[in-house]
Amino acid sequence: MTKRYIGAAMPGPKTPANAPAAKNSDDQRIAKMLARAGVASRREIERMIAEGRIALNGVVIETPATLLPSLDGVTVDGNPVQAAEAARLFLYHKPAGLLVTERDPHGRPTIYDRLPKGLPRVVPVGRLDLNTEGLLLLTTDGGLKRQLELPATGVERAYRARAYGNVTQAQLEELIEGVEIDGVRYGSIDANMERRTGANVWIELVLTEGKNREVRRVLEYLGLQVSRLIRTRYGPFVLGDLPPGTVGEVRGHDIDSFRANPTRKDLPQPARKREHAIRPVAPRAATPRREPERPSVRPAKPARPVKAKEPRQRADGTLAVRSTGARADRARSHRATSGDASARPAGRPTRGPAGGRGKPGARPPRSRK
């Protein structure tokens, strides 16, 4: 028997609970908003919703497509979610040998195993291969990540590659028109030879796409074997002298300048904060200020008394006293023993019989024949 409704419209199909409401200009998907708030990645949030861990005003949310104007009333595991903070951007000097992923099923090390402590939840902008090193951008904002990654934005990526083999500058300049390799079309690449060291060559490349292993495949297409690949710049953000394995934070007004003009290259360098802004260090206890000590005046030591040496007595009973004129003393002693008390001045030698100088009683000199 068919039911009839009089004076009322017939009911339509039932609307499932938590179905997306009519979209307003300010409404966003809950998975996107939670990812921007730093709760987890969108894929992880979808798993959390499927497990019933996310609720709105006490009602469990069933679909990640739920549209909300804000995160008011949203809880994760019973804890309220705070609104998303201002976007933050970090520069990370990725060493070779690390995967750009949150976890690896084979147990290989990832960037999250080596990032310094104290960072908020960040997601990488683009990817770098296992053996590629250099600048990797990390951000807390999904919208900023998408703006940096989209080829339509025109953000440049600069690399330095060391490769083995022979190549000419003319071959590198042909890449400006793009190239197709194994059915994959690669866009314009500005490549220039930097220098040649033996059988190796250093090449600088600037491109606006970020396809998987793009630089390596293009150089292998030219007959080169890449042995080292370094990303040196991503848009206006440069690697600079950032040591490997360390992180620097981009200033907030530089992020605003990039969002206003993504293709600009004139940001002041280095466009990053000091590393201590990421690694908080416990403040040192304030040491009391010490007044400069006045130099202590030591009392002068008393002069040591000088003992006069007693004269030594000779065997004949006389005293051996030496004055300042030793020669005069010897002459005086000689006169005293010989009994000659002449009035000649002291210290003047006597003359011999021949008129020459010498001691009294000395033998006269021989005459020359």
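The residues neighbouring Pro120, those whose beta-carbon lies less than 11 Å from its own, together hold a net charge of -1 under the Lys/Arg +1, Asp/Glu -1 convention. Amide H to amide H distances under 5 Å link Leu150 with no residue, where only residues 5 or more positions off or on other chains count and H is placed in the peptide plane.
Summing charges over all other residues whose Cβ lies under 15 Å from the Cβ of Ala40, with Lys and Arg as +1 and Asp and Glu as -1, gives +4. When the alpha carbon gyration tensor of the stretch 64-146 is reduced to an equivalent ellipsoid, the three semi-axes, largest first, read 29, 15, 12 Å. Met48 exposes around 10 Å² of accessible area when a 1.4 Å probe is run over every protein chain in place. Neighbours of Leu239, meaning other residues whose beta-carbon lies under 9 angstrom from its beta-carbon, give a summed charge of +1 when Lys and Arg score +1 and Asp and Glu score -1. Karplus-based coupling profile of the stretch 40-50, in residue order and whole Hz: 5, 6, 4, 5, 5, 5, 4, 5, 5, 5, 5, with θ = phi - 60° in 6.51 cos²θ - 1.76 cosθ + 1.60 and x standing for Gly or Pro. Per-residue packing, averaged as other Cβ atoms within 10 Å, sorts the ranges 131-138, 82-89, 143-150 into the order 131-138, 143-150, 82-89, beginning with the highest. 3J(HN,Hα) along the stretch 255-260, derived from phi through the Karplus expression 6.51 cos²θ - 1.76 cosθ + 1.60 where θ = phi - 60°, amounts to 5, 5, 5, 5, 5, 6 Hz, with x in place of Gly and Pro. When the pairs Lys32/Lys117; Lys32/Lys145; Lys117/Lys265 are compared against a 19 Å limit on Cα-Cα distance, Lys32/Lys117; Lys117/Lys265 fall above it. Scanning residues 5 or more positions from Arg251 or on other chains, those with amide H under 5 Å from its amide H are Arg272, Lys273, with H placed 1.01 Å from N in the peptide plane.
To check you understand DSSP bridge types, tell me what percent of the beta bridges within the stretch 27-137 (both residues inside) are antiparallel, rounded to 5.
Among the beta bridges of the stretch 27-137, antiparallel pairing accounts for roughly 95 percent.
3J(HN,Hα) along the stretch 183-188, derived from phi through the Karplus expression 6.51 cos²θ - 1.76 cosθ + 1.60 where θ = phi - 60°, amounts to x, 9, 8, 9, x, 5 Hz, with x in place of Gly and Pro.
The share of accessible area on the stretch 175-243 that comes from carbon and sulfur is 44 percent, using a 1.4 angstrom probe. Surface composition of the stretch 19-133: carbon and sulfur atoms hold 46% of the protein heavy-atom accessible area at a 1.4 Å probe.
Residues whose amide H lies under 5 Å from that of Gly235, counting only those 5 or more places away or on a different chain, are Glu156, Arg157, Ala158; hydrogens are built 1.01 Å from N in the peptide plane.
When only Cα pairs below 8 angstrom with a gap of at least 6 residues are kept, the stretch 39-171 shows a relative contact order of 18 percent. Counting only the Cα atoms, the stretch 26-79 fills a convex hull of 66 Å³ per residue.
The values are calculated or read from the model by the stated rules, or taken from the named source; none is laboratory data. For clarity, every value in this text was computed on a predicted model and none was experimentally measured. Using ideal geometry, Cβ is built from the backbone for each residue, glycine included, and neighbour counts are taken over all protein chains shown. Side chains are part of the model used for accessible areas, which takes the heavy atoms of the whole protein and leaves out ligands, DNA and RNA. Shrake-Rupley method; radii C 1.70, N 1.55, O 1.52, S 1.80 Å.
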